[in-house]
1. Pull up the cross-link candidates among the lysines for Lys47, meaning alpha carbon to alpha carbon under 20 Å and not fewer than 8 places away within one chain.
2. Run the lone-cysteine check on the chain: no other Cys C-beta under 4.7 Å from the residue's C-beta.
3. May I ask you to list the aspartates and glutamates whose Cα is less than 15 Å away from that of Lys74, ignoring any residue fewer than eight positions away on the same chain?
4. Averaging sequence separations of C-alpha pairs under 8 Å and six or more residues apart, then dividing by the length of the chain, give the relative contact order as a whole percent.
5. Would you work out the charge dipole size for the chain about its Cα centre, treating the Cβ of every Lys and Arg as +1 and the Cβ of every Asp and Glu as -1, and quote it to the nearest 20 debye?
Amino acid sequence: MTEFIEVAELVDIPPGERKRIEVNGKQITLFNLEGEFFAIYDRCPHKRTAPLLRGMLDGQGVKCPNHGYRFDFKTGQCDRGSEWDTKVYQVKVENGKIFIGPERNKD
Ligand code: FES
């Protein structure tokens, strides 16, 4: 995606919450970390079945619920090696609405 797309209302995802959305056929999970939003491709690249929606937060990243691989929200990097890196997306909030934009690691 090359442009920002409106995906949710700010009130839909309060601090500490998360929500899976679909953008252009891709499942993406939005995380609200105390008011800062992050968007990450929802399917873990390790087995492609585990939803990161159900992962455990770890700083500014999430650990897969299956085997615990950690993915950084800002870079998409995996702590088990670059072959497992994933996609993360830019997020902006305007007028009470949340928008997802291009991949962060493609800046
Ligand atoms: S399926 Fe996610 S770490 Fe294995």
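No value in this document is a laboratory result; all are computed from the given coordinates. Since the structure is predicted, the reported quantities are computational estimates derived from the model, not experimental observations. Positions of Cβ are generated from backbone atoms using ideal geometry, with glycine treated the same way; all protein chains shown enter the neighbour counts.
1. Lys26, Lys63, Lys87
2. Among the cysteines of the chain, those whose Cβ sits 4.7 Å or more from every other are Cys78.
3. Excluding near neighbours in sequence, the set is Glu36, Asp42, Asp58, Asp85, Glu103, Asp107.
4. It comes to 26 percent, rounded to a whole number.
5. 460
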